[in-house]
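The values are calculated or read from the model by the stated rules, or taken from the named source; none is laboratory data. Bear in mind that the values here come from a model prediction, so they are computed numbers and not experimental data. Neighbour counts are summed over all protein chains in view; Cβ atoms, including those assigned to glycine, are modelled from backbone coordinates with ideal geometry.
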Amino acid sequence: MLIASIISIFLTVFLILRRRSSRTEFYCEGIRNENDGRYSLALRNYEDAINELRKLRTRKRLRRMITGRIRILRTTIEYEKNFQVGIEQ
């Protein structure tokens, strides 16, 4: 009985830590994609990170930072679309 409870505690802690790292993993991958110039993919990663943060209702500072990056990426993507349309004309 004692061993079973210890194992269940370790599994619970492992799952909680794994869940926490998913939002930071999305954020880090978004930064990598943004630096590589893949803005649409980075935008999707940041939005996934925001969704994970909303589920947990924590880390307001990180949420504000990611929201700012999302705004900048949307502006950048829109600028690139307009720039390419201007070149084609």
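Considering region 52-88, the residues that are acidic (D, E), closer than 19 Å to L41 by Cα and modelled with pLDDT under 90 include one that is surrounded by the fewest Cβ atoms within 10 Å (Cβ to Cβ), namely E80. Filtered by the rule that a residue be within 14 Å of L62 (Cα to Cα) and either surrounded by fewer than 14 Cβ atoms within 10 Å (Cβ to Cβ) or in contact (Cβ under 8 Å) with a residue 40 or more places away in the chain (or both), region 32-51 gives a lone residue, N51. Looking across region 29-58, the residues that are over 13 Å from R74 (Cα atoms) and among the charged types (D, E, K, R) come down to E29, R32, D36, D48, E52, R54, K55, R57.
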